[in-house]
Amino acid sequence: MPSPVNDSPHPLPAATVPLRGPLALGSIVVDPPLLLAPMAGFTNVAFRRIVKRLGCGLTITEMVMAEGLVRDHPRTWALAELSAEERPASVQIAGGEPEVLGQAAERLAERGADVIDLNMGCPVRKIVDRCAGAAMLKNPDIAAEAVEQVRRRSGLPVTVKMRTGWDDASQSITAARVLEQAGATALAVHGRTREQKYSGRSDLAAIRAVKRAVKIPVIGNGDVMGPQDALDMLRVAEVDGVMIGRAALRDPWIFASTAAAIRLGIVPAPPTPAERRAVLVEYFEETAMRAGEHRTVLHMRKFASSYLTGFPGAKRLRDRIQHLETRAAFYEVIAEVFAEGPPTPLVADHERLRRAGGTFDAADDPVPLSEA
């Protein structure tokens, strides 16, 4: 069902509000227990700073290849950059060789990372063909060695972003127990198998089965499009925290509204069009400062399309958005979009959001800033 949306704060039924306190990742306290999901090509420093200010408990970088860090590739290190405003923060690394993952984690710790997240969930072929991402779920011994290497060499809390299995949800139980024994601090579980990729619905029962199989914290992920979806994840899957992905691209305020739902049992009024425009401009200008105008304009073709989903003018101007070439053209288009009125409510309709904002995996990235 769509998450409740209104023009003013409104209470939620008490029975639907499973209160949660802060989430502990070793010595790191995540409060509220809401995390930003890593999304390649989207969750750069500018976006993470914004969502942190708007209520996100823990930000995580987009996926960073461990081999690139070890080889000192400048653009790879740029992806791992953390800002002071988002601290504490996590860097997600991926790779198929435990030794290389350990080396990368050690170097990240030396540069001040607070948490290391291991990607064992990416379903994209070019990643799994390297025995990385979700492919690690097929070899729990290698996955366990990766956790051990990263934990030992970094000395930091180590979380694992995983799926409910390769092709069978029961595989996640074995994997979760092995990862816990290897020293993982917490598990973030996306409620789909690798075979499903992004089809179907996130399986809350499968996430709950993982939660019941281990003693470490479990974070639920998948199809959280609004506060009520997060509450359902907490209540049905019995998780300790919630990770939010695609919905945050359209509505960075989702963290604040979900935190209010968890703590107070209310959903605040949505942001005004002026507030939404200010955040979009902030994102553009900070990204341009770091990446340059040309790369940022290309990147904004997809980001703006996601962020402006639901605005009456965005649908009509979508073709122009997709062909942006200059900063001036960007400002001209968004001026027209915001002049045509506020957006329609965000709906928890997975397929509709996918068509509007794209499938956020490494095979379908919209000109990632690291490669533009």
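Just to confirm a number: summing +1 for Lys and Arg and -1 for Asp and Glu over residues other than P22 whose beta-carbon lies under 12 angstrom from that of P22, what do you get?
Details: positive: R20, R263; negative: D31, D240.
Result for the local shell: 0.
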Mean ellipticity per residue at 222 nm, deg cm²/dmol - from DSSP H runs of n ≥ 4 across the chain, formula -39500 (n - 2.57): -13500 deg cm²/dmol
Taking only C-alpha pairs under 8 Å that are 6+ residues apart, what is the relative contact order of segment 43-133 in percent? 28 percent
Just want to confirm a number: the relative contact order over the chain, from Cα pairs under 8 angstrom separated by 6+ residues, in percent. 19 percent
Selected from R327, R208, R192 as most flexible by GNM, with the chain as the system and alpha-carbon contacts under 10 Å: R327
In terms of the alpha carbon gyration tensor, root eigenvalues a ≥ b ≥ c, rounded if a/c is under 1.5 and otherwise prolate when a/b exceeds b/c or oblate, segment 225-272 is oblate
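Dipole of segment 136-253, Cα-centred, from +1 at each Lys and Arg C-beta and -1 at each Asp and Glu C-beta, to the nearest 20 debye? Walk me through the numbers before you get to the answer.
Numbers: 18 positive and 14 negative charges, 33 e Å.
About 160 debye.
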Among L298, A134, M225, pick out the residue whose Cα is farthest towards the positive end of the charge dipole of the chain, where Lys and Arg carry +1 and Asp and Glu carry -1 on C-beta, about the Cα centre. M225
Cα centroid of segment 125-173 to Cα centroid of segment 254-269, whole Å: 33 Å
Out of [x] 25.3; [y] 16.1; [z] 20.0, which label holds the value of mean projected area of the Cα convex hull in nm² that was computed here? [y]
Charged-residue dipole, Cβ positions (Lys, Arg, Asp, Glu), the chain about Cα centre, Debye nearest 20: 360 debye
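For K126 and V236, what does the FRET efficiency come to when R0 = 41 Å and r is the distance between their Cβ atoms, rounded to the nearest 0.05? Can you show the working numbers first?
Values: r = 34 Å, r/R0 = 0.82.
In this case the efficiency is close to 0.75.
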Have a look at A274, I60, Q196 and report the one farthest towards the positive end of the charge dipole of the chain, computed about the Cα centre with Cβ charges (Lys/Arg +1, Asp/Glu -1). Q196
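For a quick protection proxy, order the peptides 54-61, 273-280 by their average other-Cβ count within 10 Å, most packed first. Intermediate results must be reported in sequence, preceding the final value.
Details: 54-61: 23.6, 273-280: 16.0.
In decreasing order of mean packing, 54-61, 273-280 become 54-61, 273-280.
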Which aspartates and glutamates have a Cα lying under 12 Å from the Cα of K197, excluding residues fewer than 8 positions away in the same chain? D167, D361
Where in the chain are the DSSP H helices whose alpha-carbon span along the long axis reaches 24 Å or more and whose Kyte-Doolittle mean is at least -1.0? 273-291
Alpha carbon centre of segment 203-223 versus segment 56-106: separation in Å? 25 Å
In nm, to one decimal, how far is the R263 label point from the S199 one, both placed 7 Å along Cα→Cβ? 4.2 nm
Most fluctuating of K315, K211, K52 in the GNM of the chain (C-alpha, under 10 Å) is K315
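No value in this document is a laboratory result; all are computed from the given coordinates. These numbers come from a predicted model, not from an experiment. Cβ atoms come from the backbone with ideal geometry, glycine included; neighbour counts cover every protein chain shown.
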